[in-house]
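Novice: If you scroll down you'll find the structure; I have some questions about it.
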Amino acid sequence: KIYFGEKDMQQLRIIDQYIKKNYKNVKVIGCKTIRENNGIAYSSRNFLLSSIQKTIASKIYKIIKNAKRKLIGKKITLRLIKNKIHELGVTKIDYIKILDSDKLKSSYNKKTKCKIFIAYYLGKIRLIDNI
């Protein structure tokens, strides 16, 4: 068995598919994302963040977490969430997507398990998360 964090879900899925195809006796185990008290996913990159940047990252996590149901239900748009994130001082968002968490495809509906995937920059530091 090998263990990988779900923080980088895309990487986990790629590795899992590769292992299943090439190593029949090995099983990939996804481990739940561990978060700081403020909601930020633990990462070595967090040590590079200033206290202000950590506060911003925490607010971004809370915005996405609180909006998740509305986003999946299409009651609000990703554009609205992007605008809120930019208002916090984030200048670059690589992506923010809602994907079926099993297939990592955008074909999702209210009955499938979905996650919101995000990659953005606070200063020069690129942070990723999925909620």
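The values are calculated or read from the model by the stated rules, or taken from the named source; none is laboratory data. The structure displayed is predicted, hence computed values, not measured ones. Glycine gets a Cβ as well: all are built from the backbone with ideal geometry, and neighbour counts include every protein chain shown. Surface accessibility is based on the protein's heavy atoms, side chains included, excluding ligands, DNA and RNA. Shrake-Rupley method; radii C 1.70, N 1.55, O 1.52, S 1.80 Å.
Novice: Extending each Cα 7 Å along its Cβ direction at Gln10 and Arg79, get the distance between those two points in nm, one decimal.
Specialist: 2.3 nm
Novice: Would you mind putting 18-25, 78-85 in packing order, based on average other-beta-carbon counts within 10 Å, highest first?
Specialist: Result, highest mean first: 78-85, 18-25.
Novice: If you take every residue apart from Thr91 with its C-beta less than 13 Å away from the C-beta of Thr91, what net charge results, scoring Lys and Arg +1 and Asp and Glu -1?
Specialist: Details: positive: Lys82, Lys92, Lys124, Arg126; negative: Glu87, Asp94.
Local charge sum for Thr91: +2.
Novice: Of the peptides 10-17, 44-51, 60-67, how do they stack up when ordered by the mean number of other Cβ atoms within 10 Å, highest first? If you can, show how the numbers build up before the last one.
Specialist: Values: 10-17: 14.6, 44-51: 11.5, 60-67: 17.4.
Put in order of decreasing packing, that is 60-67, 10-17, 44-51.
Novice: If you don't mind, another one. Which of Lys62/Lys92; Lys54/Lys97; Lys1/Lys54 have a Cα-Cα distance over 26 Å? Show your work: numbers first, answer last.
Specialist: On the way: Lys62/Lys92 18 Å; Lys54/Lys97 22 Å; Lys1/Lys54 34 Å.
Listed pairs above 26 Å: Lys1/Lys54.
Novice: From the P(r) of the chain, could you give the percentage of C-alpha pairs in the tail past 18 Å? Could you put the intermediate results ahead of the total?
Specialist: Details: 4835 of 8515 pairs.
Of all Cα-Cα distances in the chain, 57 percent exceed 18 Å.
Novice: Could you work out the local net charge near Lys20, counting Lys and Arg as +1, Asp and Glu as -1, over the other residues with Cβ closer than 11 Å to its Cβ? Walk me through the numbers on the way to the answer.
Specialist: Details: positive: Arg13, Lys21, Lys24, Lys27; negative: Asp16.
Value of the local net charge: +3.
Novice: While we're on this one: Out of residues 5 or more away from Ile76 or on other chains, whose amide H comes under 5 Å of its own, with H placed 1.01 Å from N in the peptide plane?
Specialist: Long-range HN contacts for Ile76: Leu71.
Novice: Can I ask one more? For Lys113 and Tyr23 in the same chain, what is the full-extension length gain: residue separation times 0.36 nm, less their Cα-Cα distance, in nm? Don't skip to the answer; put the middle values down first.
Specialist: On the way: separation 90, 0.36 × 90 = 32.40 nm, distance 2.75 nm.
Working it through step by step, the gained length comes to 29.7 nm.
Novice: Could you do me a favour and compute the accessible area per residue for the chain, 1.4 Å probe, result in Å²?
Specialist: On the way: 8730 Å² over 131 residues.
Heavy-atom SASA per residue in the chain reads 67 Å².
Novice: For the chain, what does -39500 (n - 2.57) per DSSP helix run (n ≥ 4), summed and divided by total residues, give at 222 nm, in deg cm²/dmol to the nearest 500? It would help to have the intermediate numbers written out before the result.
Specialist: Values: 3 runs with 46 residues, N = 131.
Estimated from H runs of four or more residues: -11500 deg cm²/dmol.
Novice: Over the chain, what is the relative contact order in whole percent, taking alpha-carbon pairs under 8 Å and six or more residues apart?
Specialist: Numbers: 170 pairs, mean separation 26.9, N = 131.
The normalised contact order for the chain reaches 21 percent.
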